[in-house]
Amino acid sequence: MRVDIISIFPDYFAPLELSLIGKARTTGLLDLSVHDLRTWTSDVHRTVDDTPYGGGPGMVMRPEPWGQALDAVGPGTLVVPSPVGKPFTQADAYELAALEHLIFACGRYEGIDQRVIDDAASRMPVREVSLGDYVLFGGEVAVIVIMEAITRLLPGVLGNADSLTEESHAAGLLEAPVYTKPASWRDREVPDILRSGDHGRIARWRRDQSLSRTASRRPDMMAAYPLDHLDKADRKA
Ligand SMILES: N#Cc1ccccc1Cn1ccc2ccc(-c3cc(N)[nH]n3)cc21
């Protein structure tokens, strides 16, 4: 997978040289390039923002540098983090992980001139995505989060691919609590079932835990959970 990130703060992406994303880059699973938007400015001050038409607070990112940057690195699927984007989900992570070339546009200030998005959409797929109902300073942190969510889905990145099938949101439920040694810690014991060796009962216990956690913490996910995945007993719960 090829990924191009465009930002006025390229140093924000140093964390993408670490851990499993860094390993994916060195092994060639991920071809990641980070670009400074100011590369595509032409004035001595390397200006990337200007005052908003119609007035209002703050500044808006100018279209010219963005247009030239996207011409240079595109075409690909353009992903634009934004407070007004579609909520980013695990399903989106799977979809993006299956694509050949992603381009991330990191806005700052009050956002990017809308014509940049409209112009890009005339020649490549564009996805405006939100990480949640809160406002960040810019798109960089959102791109780091999205890059983690995507990269861990790439074949060969996670040592144990089984992790992907059991984890939260993969099966449409929140995952069960996890425990490791010691069996007793600060007078708190690991549930006996998990030490029973009865894998059938353990699987049932974990699914019950997932259902109860999801029902209490994320009723919205329960509403979307296919009823035919529930045993008759579960449906009464
Ligand atoms: N746009 C905008 C904007 C509008 C008003 C006030 C502040 C900003 C800051 N900002 C500039 C770029 C940019 C990118 C993504 C987010 C973002 C995503 C999520 N989920 N929250 N915030 C914010 C971003």
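Considering only region 54-71, I want to know if a residue exists there that is in a strand (DSSP E or B) and surrounded by 17 or more Cβ atoms within 10 Å (Cβ to Cβ). Yes, region 54-71 has at least one match. With respect to (1) farther than 18 Å from Val126 by Cβ; (2) in a loop (DSSP other than H, G, I, E, B), the lone exception for Pro75 is condition (1).
When the residues of region 95-115 are filtered to those that are charged (D, E, K, R) and over 17 Å from Met1 (Cα atoms), the one that is farthest from the ligand (Cβ to nearest atom) is Arg115.
Under the condition of being charged (D, E, K, R), more than 16 Å from the ligand (Cβ to nearest atom) and either under 25 Å from Pro10 (Cα atoms) or buried (at least 18 other Cβ atoms within 10 Å of the Cβ) (or both), the residues counted in region 116-172 number 2.
Matching residues to (1) within 18 Å of Ala105 (Cβ to Cβ); (2) of a type in the set (Gly, Ala, Ser):
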{"residue": "Val3", "(1), (2)": "yes, no"}
{"residue": "Phe9", "(1), (2)": "yes, no"}
{"residue": "Phe13", "(1), (2)": "yes, no"}
{"residue": "Thr27", "(1), (2)": "no, no"}
{"residue": "Ser42", "(1), (2)": "no, yes"}
{"residue": "Arg46", "(1), (2)": "yes, no"}
{"residue": "Trp66", "(1), (2)": "yes, no"}
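Exactly one residue out of Pro83, Pro87, Pro75 is away from the ligand (no atom under 12 Å from the Cβ) and either basic (Lys, Arg) or touching a residue at least 24 places away in the same chain (Cβ under 8 Å) (or both): that is Pro75. Of all residues assigned to region 3-18, at least one qualifies as being outside any strand (DSSP E or B), touching a strand residue (DSSP E or B) at 6+ places or on another chain (Cβ under 9 Å), modelled with pLDDT under 95 and crowded, with 16+ Cβ neighbours inside 10 Å.
The values are calculated or read from the model by the stated rules, or taken from the named source; none is laboratory data. Fair warning: this is a prediction, and the values are worked out from it, not measured in the lab. In this analysis, Cβ positions are derived from the backbone assuming ideal geometry, glycine residues included, and neighbour counts consider all displayed protein chains.
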